[in-house]
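Worksheet: one structure, shown below.
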Amino acid sequence: MLKRVLKFVVPALAAAAIATPSLAATPEKTAAPEQFSALEGIQVEPLTPVEMDAIHGALTGQDLYNALVAKATLIQDPVLRQRALDYLAANQTKLVAYFDRLLAFFRR
């Protein structure tokens, strides 16, 4: 029984002994200065959600639609390929709007 307890206690104590110096050595967080003089007098305004998405390359509904069209062109059967492309072209605005709503839901 004692061997079983030691089997779990010794590694736990060793891990704690190894981790304690690294935790004690972490630098203390300093408070941010109240002002940053290099930015004084600069007129700024926050970016819109559309601008933020453009910066980090977020997908749009049009991107997803274009990917669907690209995949549909790879269909081997010519009749099925043409029907898929016709369907996508006929419903482009609905699909793009749906994808935009879906992506907006995931960005919340």
*Mind checking which residues of the stretch 34-57 are in a loop (DSSP other than H, G, I, E, B) and either surrounded by fewer than 10 Cβ atoms within 10 Å (Cβ to Cβ) or modelled with pLDDT of 95 or more (or both)?*
E34, Q35, F36, E40, G41, I42, Q43, V44, E45, P46, T48, G57
*Among residues of the stretch 70-104, those that are surrounded by 14 or more Cβ atoms within 10 Å (Cβ to Cβ), touching a residue at least 12 places away in the same chain (Cβ under 8 Å) and among the aliphatic types (A, V, I, L, M), counted*: 7
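The values are calculated or read from the model by the stated rules, or taken from the named source; none is laboratory data. All values derive from a computational prediction rather than experimental measurement. FYI the Cβ positions are ideal-geometry reconstructions off the backbone, even for glycines, and counts take in every protein chain you see.
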